[in-house]
Amino acid sequence: MEYIHYLGELSFNPFLIIAMIILALVVISIVFTLIRLALLKPFGGEIREISYFGFKYSKTVDGELKYVGHKPSILFSAEFGMDMKKLEGVENKKINSRERAFMLTTAFLNLLIGAGVLALCLWGTFSTRFYTLASMSFLFGLCYFVIAIIRTIMVIRVVIRTGAKTLARYTQTQIALLRDGVTFDKMDLKPVNELGFKKVWESERRLYFILYFEYLDYNEMFDRLPEAVADVERALLPGKSAGSKIDQSVFEVLVYYYSFHNIVPSKAKEYYHRVLDEITKDTDSYASCIKGFYELYCFGNADKAGEYVSKALENFDKVQSTAEKEYVRKCIARLNQAIGNFPGRN
């Protein structure tokens, strides 16, 4: 009872609790990122984006991490994915299994480290004669371990979700078909509300939107684009900047939509500025096309749009799958035609 009473006294200070929660969040974000970086190569993964204290670096089409800007943050974070070049020829089922194994391994290692931190902090708590240090040690260890548990649960939920009959699983299956050489004209994708999934996470909806938009755009089903855009826009928070690669891709697609298919310069500019740091430094062919349409129809800058055509062609060979190549080729052709037909160009 005396032991429990002592621990209760140590955790009584609310200001110290908040300080230790913040410190634990920072430290665990660093440790978790380092664990994933250490295990990246053995599982065939690659880093897509990394951020530390708000300084953000994103992988370019050349495979290099390039600085894309700073947004205030006290945490470390990183986004990873499977390196499709290194895993070329490997079955999609095995690739997906590796990805899930990577996520679970890193999460449980982080939890194991969290248990070790808690044990070490408890030892420190009862080894010091200084009350404040004992309190800090106990609260930090407890906060670290609790956050590690929460992170592990979140990862397990995502792994279960992607392995079950969900929109995430369905989207991954369709993306796997594209990797295997199936083109958009051979696919038959439906709106989310016609797929029959009972519960859809908003992250799943955004990921599927990117795939579904490209499918509709490639097959020139332009009459179905407004519904798809309205569906994803309902879940977007006003003014929120891109917090992940998926968000970035969604915003870029919406810039394209409001710069070409449904020209609303104010909307295009809104989404462009929500992903400003990322899109200005994004050099892949598709992003160059989007910026070309944006310059042409939002600012009437045909010459600048022409420069983006050249940039899209420069990086075209770096587009990976056959389906993406065909889609980007169509986008480049549309942009060229739009520039040629723009008033004052003839």
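The values are calculated or read from the model by the stated rules, or taken from the named source; none is laboratory data. Predicted, not measured: the structure shown is a model, and the values here were computed from it. With ideal geometry, Cβ positions are generated from the backbone for all residues, glycine too; neighbour counts draw on all protein chains shown. Areas reflect the complete protein model, heavy atoms only, side chains present, ligands, DNA and RNA absent. Shrake-Rupley method; radii C 1.70, N 1.55, O 1.52, S 1.80 Å.
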Problem - Potential extension, Arg169-Val146 segment - 0.36 nm per residue separation minus Cα distance - result: 5.4 nm
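When the accessible area of the chain is split by element with a 1.4 Å probe, what percent falls to carbon and sulfur?
Answer for the chain is 61 percent, counting heavy atoms of protein chains only.
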Handout entry: Label point distance in nm, Glu233-Leu120, each placed 7 Å from Cα along Cα→Cβ
Key = 5.1 nm
Fill in the blank from the handout: Per-residue ellipticity at 222 nm attributable to helices in the chain (runs of n ≥ 4 DSSP H, -39500 (n - 2.57) apiece, nearest 500 deg cm²/dmol) works out to -21000 deg cm²/dmol
Problem - Estimated inter-spin distance, Thr280 and Glu314, nm [label 7 Å along Cα→Cβ] - result: 1.8 nm
Practice task
Determine how large the accessible area of Phe76 is when every protein chain is in place; take a 1.4 Å probe and give Å² rounded to the nearest 10.
Solution key: 50 Å²
Fill in the blank from the handout: Once all protein chains are kept in place, Leu34 shows an accessible area at probe 1.4 Å, nearest 10 Å², of 100 Å²
Fill in the blank from the handout: Isolated cysteines for the chain, Cβ-Cβ cutoff 4.7 Å, are Cys121, Cys143, Cys298
Practice task
Report, to the nearest 10°, how far helix 92-125 tilts away from the longest principal axis of the Cα atoms in the chain, using its own Cα long axis and a range of 0 to 90°.
Solution key: 30 degrees
Practice task
With springs connecting C-alpha atoms under 10 Å apart, model the chain as a Gaussian network and identify which of Glu46, Glu324, Glu227 has the largest mean-square fluctuation.
Solution key: Glu227
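Would you mind computing the Rg to Rh ratio of region 240-346 from its alpha-carbon coordinates, Kirkwood style for Rh?
Numbers: Rg = 13.1 Å, Rh = 13.7 Å.
So for region 240-346, dividing Rg by the Kirkwood Rh gives 0.95.
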Fill in the blank from the handout: Heavy-atom accessible area with a 1.4 angstrom probe orders Lys291, Lys318, most exposed first, as Lys318, Lys291
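For the chain, what number results from the quotient of the Cα radius of gyration and 2.2 N^0.38 Å?
On the way: Rg = 23.8 Å, N = 346, 2.2 N^0.38 = 20.3 Å.
Against the compact-globule rule of thumb, the ratio is 1.17.
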Handout entry: 13 Å tail of the calculated P(r), region 285-346, as % of Cα pairs
Key = 55 percent
Exercise for the section: On the full set of protein chains, 1.4 Å probe, figure out the accessible area of Asp188 and give it in Å² to the nearest 10. Expected result: 100 Å²
Fill in the blank from the handout: For the chain, longest principal axis from Cα atoms; helix 302-314 axis from its Cα atoms; angle between them, nearest 10 degrees, is 70 degrees
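As a quick test, which of the pairs Lys269/Lys325; Lys245/Lys325; Lys56/Lys165; Lys41/Lys304 have an alpha carbon distance above 32 angstrom in this structure?
Numbers: Lys269/Lys325 27 Å; Lys245/Lys325 20 Å; Lys56/Lys165 34 Å; Lys41/Lys304 40 Å.
Table pairs above 32 Å Cα-Cα are Lys56/Lys165; Lys41/Lys304.
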Practice task
Please work out the average accessible area per residue across the chain, using the 1.4 Å probe convention, and give it in Å².
Solution key: 52 Å²
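What FRET efficiency comes out for Lys330 versus Leu23 if R0 is 45 angstrom and r is the Cβ-Cβ distance? Round to the nearest 0.05. Provide the component values of the computation, followed by the final result.
Numbers: r = 51 Å, r/R0 = 1.13.
For R0 = 45 Å, the calculated efficiency reads 0.30.
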Handout entry: C-alpha long axis of helix 265-274 to longest principal axis of the chain, angle in °
Key = 30 degrees
Practice task
When you have a sec, figure out the Kirkwood radius of region 105-206 from all distinct Cα pair distances and drop it here in Å to one decimal?
Solution key: 17.1 Å
Handout entry: Estimated FRET transfer efficiency (Asn262, Tyr67; beta-carbon r; R0 35 Å; 0.05)
Key = 0.60
